[in-house]
Amino acid sequence: GNSVTQMEGPVTLSEEAFLTINCTYTATGYPSLFWYVQYPGEGLQLLLKATKADDKGSNKGFEATYRKETTSFHLEKGSVQVSDSAVYFCALTSLGSYIPTFGRGTSLIVHP
Amino acid sequence: EAGVTQFPSHSVIEKGQTVTLRCDPISGHDNLYWYRRVMGKEIKFLLHFVKESKQDESGMPNNRFLAERTGGTYSTLKVQPAELEDSGVYFCASRQTSGSYNEQFFGPGTRLTVL
């Protein structure tokens, strides 16, 4: 079956630091890959997605590249802000499905 | 346009009691999903409604959980009787059907604590 593994948190950074949150996956076929973000007190929001190998998803300064050879979809941001503090979930969907398989979530805490 | 709303935001109950969670999807979204996140673990799919019909309930953990969506609008998820392991955050999401790939929009979740 499908599974997603992401790095344990919390990740604690100072403002303007570089962020990487690792995500690897196991899936049959060619899944679509996603990063969701949950800010405090809010619902999950789709942050970015990639639907085929070598695609790069990007949004709000965050980027992730679909790497089929390493089955990875690592989330990066060059300079984090305090407002980026949230829980980040890596996820995938199989072809034809709208139901994501999620990772465990990684909490990011950014200090001023 | 209002997003997906869930009520209550937090519920604390004793083991053996009954709790009902409510989800109001975005207006016009035929698809409604329930998910659950147990502390520190993955968000797991529970079930999927298309309008008032259960399309997929393969993720429902056991028969203590009952989901309804009468009239195809809001949905309720009842847990009766609640057990300690039911504690977690219950998310609802909705999605429209028409068009190409349509993302799910998630609510803020209901945090359920069973003591």
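The values are calculated or read from the model by the stated rules, or taken from the named source; none is laboratory data. Bear in mind the structure is a predicted one, so any value in this text is a computation, not a measurement. When we count neighbours, we look across all protein chains shown, and the Cβ atoms used for this are built from the backbone with ideal geometry, even at glycine. For the accessible areas, the whole protein counts, side chains as well, though only heavy atoms, and no ligand, DNA or RNA atoms are used. Shrake-Rupley method; radii C 1.70, N 1.55, O 1.52, S 1.80 Å.
Worth pointing out:
- Expressed as a fraction of 2.2 N^0.38 Å, the C-alpha radius of gyration for the protein assembly as shown is 1.02.
- The stretch B:29-115: chymotrypsin sites (Phe, Trp or Tyr not before Pro) falling in loop per DSSP and having at most 14 other Cβ within 10 Å: B:101
- Surface exposure of chain A, expressed per residue as accessible area with a 1.4 Å probe, stands at 47 Å².
- Taking only protein heavy atoms and a 1.4 Å probe, the accessible area of chain A is 50% carbon and sulfur.
- Partner shielding of A:91-99 amounts to 3, given as the average count of beta-carbon atoms from other chains within 10 Å of each residue beta-carbon.
- Anchor residue B:51: aspartates and glutamates whose Cα lies under 18 Å away (excluding residues fewer than 8 positions away in-chain): B:24, B:30, B:68, B:103
- For chain B, alpha-carbon Rg and Dmax in angstrom: 13.5, 44
- Rg/Rh ratio calculated on Cα atoms of chain A (Kirkwood radius): 0.96
- For the residue pairs A:49/B:44; A:56/B:44; A:56/B:78; A:68/B:54; A:60/B:78; A:77/B:41, the C-alpha atoms sit more than 31 angstrom apart in A:56/B:78; A:68/B:54; A:60/B:78.
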